[in-house]
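The values are calculated or read from the model by the stated rules, or taken from the named source; none is laboratory data. Keep in mind that this is a model prediction, so the values were computed, not measured. Neighbour counts run over all protein chains shown; Cβ positions are idealised from the backbone, glycine included. Side chains included, ligands, DNA and RNA excluded: accessible areas come from the protein's heavy atoms. Shrake-Rupley method; radii C 1.70, N 1.55, O 1.52, S 1.80 Å.
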Amino acid sequence: MKFIDKLAEKMVPFAQIIANNKYLLSLRDGFMVAFPATMFASIMIIIQNLPATFGLSEKLPEGFMTFLNDFFGPIGNATMSITAIFVVFGIGYQLAGKYGQPKLFAGAISLSSFLMLLPYGSSDEMGTVIPLSKLGAEGMFVGIITAIIATQIYCKISASGSTIKMPDSVPPMIAESFMAIIPGAAPLFLFNLIRYLFTFTSWGNAVDFVYEILQKPLMGLGGTLPAVLLAVLFTQFFWWFGIHGTIVVNAVIDPIMNALAIENYEAYKAGAEQLPHIINTTFMGVFVNQGMQLGISITMAFFIARSIRMKKLMRTVVAPSVFNVSEPMTFGLPIVLNPIAFVPWILAPLVSTVISYFAIASGLVPRPIGATVVWTTPVFLSGWLGTGSIAGAILQLVTVVVMTLIWVPFLIVMDRGYLKDEIASHD
């Protein structure tokens, strides 16, 4: 364990820095602003495609399929397809709160600054238009960068007191609106200048520049199996030390994974035969370690455990594990700083990730559709929702069995230790 101790000395402080970073925290919380709308869209797109999922589209009346497409189709345009708008506003709102500045105005200024950079077109029928793709996956990174910079400028000026102050007799909301004029004007002018300068470049706008130079390469790298295995490794590693590894790691990889998910969603919505990415937010939430605690708790509680402590603990863990609540086992077994649990805790999710990746890459299971699947969704159901196919649910069951088999030998060792202690206490 000397190696683990030395590694902890280096990595745990680093994890704590990430977990407390105001920019990463704002990024994480900003993405959650989009969650209700994207969750709704995910369910609706699955309902829309149910006939195709079960091979019934050609057997149903033509008018019924037209109704499904006309009724459910536009929902995605107002939700998943404009995720960048939610995220930009959310980041500005959350970051301003951490500076103690007016959050609502910061969110609005961030959003306006982002819209300033978008390429606008024109249509004879509709007038000025914005390409929908720029409000979703393609605009995600430039939106994040814009929100952070715009809010930073807004908060610095607001905190300096360089504002228009109204008399006390003016209603508070009106007074606050006037106070936001100067802090808001600075970032808006800056991003308008940036927009104008990009018109002289070959890209024509900042969104295409950031997408081609930064976002596309990062998505290509982040969507690879080695990158995902590294993310899973660090997530489990931090959890073993009692640090919320999911929050730490997701704060870094969420922009990439969400952009990949939106591209898959758009392709799925358009009826593409093959979606562009295997790995995205849906993959990470559905196929990495979903159901691991459930498989372990059922196996030990009802089939293998001999000690009273292990049986009682695992029976307590079964119910929350159905909904993927892992804390009772993480801190009750415990997982945290338990040397026996270290290997399976790290190894099982890595093996599950590899199996899932190759099952999808080989075509046995459809690629994740980019849907937002709530993390509390039970195993099997989440696999079906995440891929739009029963094959995704079956893959989850396979990985649960594999992860459980990895865990069992180590749990037997723990169980024997508990049993030995119980026998000794009665002597």
Exercise. Right, Ile45: at pLDDT 90 or above and part of a helix (DSSP H, G or I) or not?
Worked result: no
For this session: Keeping to region 311-370, report how many residues are touching a residue at least 40 places away in the same chain (Cβ under 8 Å) and among the hydroxyl-bearing types (Ser, Thr, Tyr).
Result: 5
For this session: Residues being open to solvent by 60 Å² or more (accessible area, probe 1.4 Å), in contact (Cβ under 8 Å) with a residue 60 or more places away in the chain and of a type in the set (Phe, Trp, Tyr): count how many of those fall in region 19-61.
Result: 2
Seminar exercise, completed: Ser133 passes all but one of the listed conditions (1) over 20 Å from Gly76 (Cα atoms); (2) at pLDDT below 95; (3) small (Gly, Ala, Ser); (4) open to solvent by 40 Å² or more (accessible area, probe 1.4 Å); the exception is number (1)
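Assess whether Asn264 counts as being open to solvent by 30 Å² or more (accessible area, probe 1.4 Å), farther than 16 Å from Pro349 by Cα and within 15 Å of the chain's Cα centre (by Cα).
For Asn264, the condition - open to solvent by 30 Å² or more (accessible area, probe 1.4 Å), farther than 16 Å from Pro349 by Cα and within 15 Å of the chain's Cα centre (by Cα) - is not met.
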Problem set entry | region 311-349: number of residues that are more than 21 Å from Thr377 (Cα to Cα) and part of a helix (DSSP H, G or I) | 14
Exercise. With respect to Ser382, is the statement that it is open to solvent by less than 10 Å² (accessible area, probe 1.4 Å), within 30 Å of Asn77 (Cα to Cα) and of a type in the set (Gly, Ala, Ser) true?
Worked result: yes
Problem set entry | Selection status of Val248, modelled with pLDDT under 90 and surrounded by fewer than 20 Cβ atoms within 10 Å (Cβ to Cβ) | no
For this session: List every residue pair whose Cβ atoms sit under 9 Å apart, with the two residues 6 or more apart in sequence or on different chains, where the first one lies in region 295-306 and is farther than 11 Å from Ser321 by Cβ and the second, anywhere, is among the small types (Gly, Ala, Ser) and modelled with pLDDT under 95.
Result: Thr299/Ala305
Exercise. Among the candidates Gly220, Gly204, which residue alone is over 30 Å from Ser162 (Cβ atoms), out of contact with any strand residue (DSSP E or B) (no Cβ under 8 Å at 6 or more places or on another chain) and in contact (Cβ under 8 Å) with a residue 40 or more places away in the chain?
Worked result: Gly204
Exercise. Has region 368-379 got any residue that is assigned to a helix (DSSP H, G or I), crowded, with 18+ Cβ neighbours inside 10 Å and either at positive phi or not aromatic (Phe, Trp, Tyr) (or both)?
Worked result: no
For this session: Scan region 169-181 and report the pairs whose first residue is open to solvent by 70 Å² or more (accessible area, probe 1.4 Å) and whose second residue is not hydrophobic (A, V, I, L, M, F, W, C) and not in a loop (DSSP other than H, G, I, E, B), with Cβ atoms within less than 8 Å and a gap of 6+ or a chain change.
Result: Met179/Ser158
Seminar exercise, completed: Within region 149-176, restricting to residues that are of a type in the set (S, T, N, Q) and modelled with pLDDT under 90, the one that is farthest from the chain's Cα centre (by Cα) is Ser169
Seminar exercise, completed: Screening Leu225, Leu229, Leu233 for residues that are open to solvent by 30 Å² or more (accessible area, probe 1.4 Å) and either closer than 27 Å to Thr83 by Cβ or aromatic (Phe, Trp, Tyr) (or both) leaves only Leu229
Problem set entry | Single condition Gly204 does not satisfy, out of (1) surrounded by fewer than 19 Cβ atoms within 10 Å (Cβ to Cβ); (2) in contact with a Leu (Cβ under 8 Å, 6 or more places away or on another chain); (3) of a type outside the set (Asp, Glu) | (2)
For this session: Among residues belonging to region 1-18 that are open to solvent by 60 Å² or more (accessible area, probe 1.4 Å) and farther than 28 Å from Thr151 by Cα, point out the one that is modelled with the lowest pLDDT.
Result: Met1
Exercise. For region 62-72, does any single residue satisfy the condition of being within 20 Å of Ile145 (Cα to Cα), open to solvent by 40 Å² or more (accessible area, probe 1.4 Å) and at pLDDT 90 or above?
Worked result: no
Exercise. Is there a residue in region 395-404 that is closer than 13 Å to Asn289 by Cβ, open to solvent by 20 Å² or more (accessible area, probe 1.4 Å) and either out of contact with any Leu (no Cβ under 8 Å at 6 or more places or on another chain) or among the polar types (S, T, N, Q) (or both)?
Worked result: yes
